[in-house]
Amino acid sequence: MAAAIGRHPREFVGVVMAAAAFSAISINAVFLQTGPHPAPIFAAWSLPKMESSVAPSLPPAMPPHIAPDAAAQSRGQIITDIQRELGRRGFYDGAVDGIWGAKTDAATRDFVQAAGVKINPDASESLLRAIVVSNTRAQDGRAFAPEPARNDPIAELIAPSKRVLAIQRALADFGYGQIKPSGAYDPDTRTAIEKFERDHRLPVTGQMSDRFVRELAAMTGRPLE
């Protein structure tokens, strides 16, 4: 053996090192490992988990979105019904068109005053129900007398006007004087208009100019035409 080692010293050193490495690996694997080897030679194959047959829960149904056109159509229908019911009771003599204009506003306020109900005179289902269940009728079947022919400027100024009536009510509701809604242009109405013009820095004329009407309608959010 000594002669063999002498003839092949490099091979002998390699064999000794390989034997030492094998011994160290065997001792480590058998005696020094506390758990299973991270990559064992004979790996245990696990069966794949079966997927649950329960169907996934669906998200809750979202409520249907109400389009703006549908809301506008519903309001228009309410206004149409209010106009029709007010017309049957003699408070409204305009077109049944579903538009909340000065005539509809004035007729609604006349009904609320005549019926003595405490309700907001605006387009709503509660107002429509109040009109339907009420037996109140306008005097002589009409809320206002027919307007005279518009061929006399003085008669046009002093005759009852629905536009003047709407302006008087708006001025009175917003604190521009103790105005009696008569539909006629009188000194109290002129004084209230002048006060409004001064407060809003308009030319003080006391007249129902187009600019005054636009400013008043913008402030009150109420149709005056």
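The values are calculated or read from the model by the stated rules, or taken from the named source; none is laboratory data. Because the structure is predicted, anything quoted here is derived from the model rather than measured. Here Cβ is always computed from backbone atoms with ideal geometry, including for glycine, and neighbour counts include all displayed protein chains.
Among the residues of segment 195-218, those that are assigned to a helix (DSSP H, G or I) and over 19 Å from Gln178 (Cβ atoms) comprise Asp210, Arg211, Phe212, Val213, Arg214, Glu215, Ala217, Ala218.
Which residue is surrounded by the most Cβ atoms within 10 Å (Cβ to Cβ), if the candidates are limited to segment 136-164 and must be at pLDDT 85 or above and not charged (D, E, K, R)? Steps first, please.
Of all residues in segment 136-164, those at pLDDT 85 or above come to 136-137, 164.
Restricting the remaining residues to those that are not charged (D, E, K, R) gives 136, 164.
On the way: Thr136: 17, Val164: 21.
Once the filter is applied, the top-ranked residue is Val164.
Kindly evaluate Gly177 against the criterion of being at pLDDT below 85, more than 21 Å from Asp122 (Cα to Cα) and not polar (S, T, N, Q). Yes. Scanning segment 92-118 for residues that are farther than 14 Å from Asp81 by Cα and in a loop (DSSP other than H, G, I, E, B) returns Gly101, Gly116, Val117, Lys118.
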